[in-house]
Amino acid sequence: MTAEETAGRPSAALRTEALEQLLVERGLIDPAVVDRLITTYETNIGPLNGAKVVAKAWTDPAYRERLLADGTTATKELGFGGPQGEHIVVVENSAKEHNVVVCTLCSCYPWPLLGLPPSWYKDPAYRARVVREPRTVLSEMGLDLDADVRITVRDSSSEVRWLVLPERPAGTESLSEDELVELVTRDAMVGVAKVAAP
Amino acid sequence: MSAPLSVDGIAAPPRANGELLFAAPWESRAFGLAVSLYEAGAFDWPRFQAALIARIGAWDADRVGDWSYYHHWLAALEDVLVDTGAVPGGEVASRAEALALRPAGHDHPHPHP
C-alpha cells in the first residue's frame with residue numbers, strides 16, 4: 001500500500017478512471033484510440049525493432065557508419081520513430097569498451113526501438129547503483145567483465161537517448177542478417193548483457 | 001485481481017522478454033492516456049517528461065512510501081493537465097471520490113448466473 005492510499009486518498013486506479021472520464025467528456029481523448037495504443041505497445045512494439053537496427057549495422061558497414069554518426073536519422077531510415085524515438089545516440093561495445101545505459105532522472109528509454117522499459121530499468125536501485133558501481137551491478141545481472149574492460153555509463157535524458165550497438169559474437173560470420181536479428185536481446189542493447197553466439 | 005496469471009497459453013498476459021509490462025490495468029491505462037494526449041497534440045513530450053522528472057525527483061528526495069513508477073507517471077500527467085488548463089486541479093480527486101462511492105458490483109449490472 002502506498003502512502004497515498006494509507007492517507008485515505010482515492011487509489012491510483014480510481015484516479016486513472018476519473019481522469020479518463022474527464023478527458024472523454026471534454027473530447028480530448030477517444031477510449032478506442034487509447035485501447036489501440038495500449039495494444040500496440042503491449043504486443044507489437046518490443047525489442048525486435050532495435051534488433052533489426054543492430055543486425056543491419058553488423059552486416060552493412062555503410063549503415064553502421066550512418067547509425068553511429070546520427071542514430072535518430074539512421075533508425076528512422078528503417079521506419080522506427082515516434083515518442084521517445086528522437087535524439088537517439090548509438091554507442092558501440094567492443095572487447096575492451098563497454099557501455100551501459102541508465103536514465104537516472106526518469107527512466108526515459110527508446111520505446112520505438114526497445115518497447116517499454118522493463119521494471120528493473122525503472123527501479124531506483126538500478127538507477128542509483130549502476131552509476132556508482134557499474135561493474136558490480138553488471139556482475140549481479142550476470143555479466144562479468146574483465147578488469148581491463150573500460151565501462152562507460154551513459155545517462156539518458158530528454159536530449160540524448162542512448163542505444164548500445166553490441167559486439168557481434170564470434171562464429172556468426174556465416175549468418176544472414178535475419179538470423180542475426182534473432183540473437184540480439186533487449187538487455188544487450190541496454191548494455192547489461194552481451195550477445196551470445198547460437 | 002487474485003487469479004494467478006498463466007505464463008503461457010492464450011490466457012497469458014502480454015510480456016516483453018518474460019516480464020510484465022504493467023503491474024495493474026490502471027498502469028496501462030495511465031500510460032495510454034498520456035501517449036494518446038501527446039499524439040493528439042495536448043502537450044509536447046518534453047513538458048510531460050519534465051513533470052515526470054519532478055515527481056520522481058521529489059520521491060527520491062525523501063523516499064516515503066513504496067516505489068511505483070506509474071504512480072509518478074499518473075501524478076505527472078495530472079500536473080501537466082492542470083498546468084495546461086485541460087483538467088483543473090481538484091477535479092480528478094473529486095471525481096475519483098464520487099467513483100469510490102459506487103455500490104459494489106456496479107460494473108456488473110446483471111446478476112451472475
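Assorted remarks:
- Residue count for segment A:29-40 under the criterion of being more than 7 Å from chain B (Cβ to nearest Cβ) and either part of a loop (DSSP other than H, G, I, E, B) or of a type in the set (Ser, Thr, Tyr) (or both): the result is 3.
- Subset of segment B:37-68 (residues that are at the interface with chain A (Cβ under 8 Å from one of its Cβ atoms), under 21 Å from A:GLY85 (Cβ atoms) and either among the hydroxyl-bearing types (Ser, Thr, Tyr) or assigned to a helix (DSSP H, G or I) (or both)): B:LEU37, B:TYR38, B:GLU39, B:TRP45, B:PRO46, B:GLN49, B:ALA50, B:LEU52, B:ILE53
- Those residues of segment B:73-93 which are more than 17 Å from B:TYR38 (Cβ to Cβ) and either charged (D, E, K, R) or at the interface with chain A (Cβ under 8 Å from one of its Cβ atoms) (or both), in sequence order: B:GLU91, B:VAL92, B:ALA93
- Scan of segment A:82-95 for residues that are farther than 30 Å from B:TRP59 by Cβ and either in contact with a strand residue (DSSP E or B) (Cβ under 9 Å, 6 or more places away or on another chain) or assigned to a strand (DSSP E or B) (or both), ordered by number: A:VAL90, A:GLU92, A:ASN93
- When A:ALA193 is tested against (1) open to solvent by less than 20 Å² (accessible area, probe 1.4 Å); (2) touching a residue at least 24 places away in the same chain (Cβ under 8 Å), just one condition goes unmet, and that condition is (1).
- Here A:THR104 does not fit the description of being at pLDDT below 95, more than 23 Å from A:LYS194 (Cβ to Cβ), out of contact with any helix residue (DSSP H, G or I) (no Cβ under 6 Å at 6 or more places or on another chain) and surrounded by fewer than 20 Cβ atoms within 10 Å (Cβ to Cβ).
- When A:GLY85 is tested against (1) surrounded by fewer than 16 Cβ atoms within 10 Å (Cβ to Cβ); (2) modelled with pLDDT under 90, only condition (1) is not met.
- Qualifying residues in segment B:59-76 (those that are at pLDDT below 90 and open to solvent by 30 Å² or more (accessible area, probe 1.4 Å)) - the one nearest to A:THR104 (Cα to Cα): B:ASP60
- Test: residue in segment A:51-68 that is farther than 27 Å from B:ALA40 by Cβ and within 13 Å of another protein chain (Cβ to nearest Cβ): yes
- Hits in segment A:50-74 - residues which are within 27 Å of A:VAL131 (Cα to Cα) and either in contact (Cβ under 8 Å) with a residue 60 or more places away in the chain or open to solvent by 60 Å² or more (accessible area, probe 1.4 Å) (or both): A:GLY50, A:ALA51, A:VAL53, A:VAL54, A:LEU67, A:LEU68, A:ALA69, A:ASP70, A:GLY71
The values are calculated or read from the model by the stated rules, or taken from the named source; none is laboratory data. Quick caveat: nothing in here was measured; it's all calculated off a predicted structure. Cβ sites come from the backbone with ideal geometry, for glycine too, and all protein chains shown count toward neighbours. The protein model used for the area step is the full one, side chains on, heavy atoms only, and it has no ligands, DNA or RNA in it. Shrake-Rupley method; radii C 1.70, N 1.55, O 1.52, S 1.80 Å.
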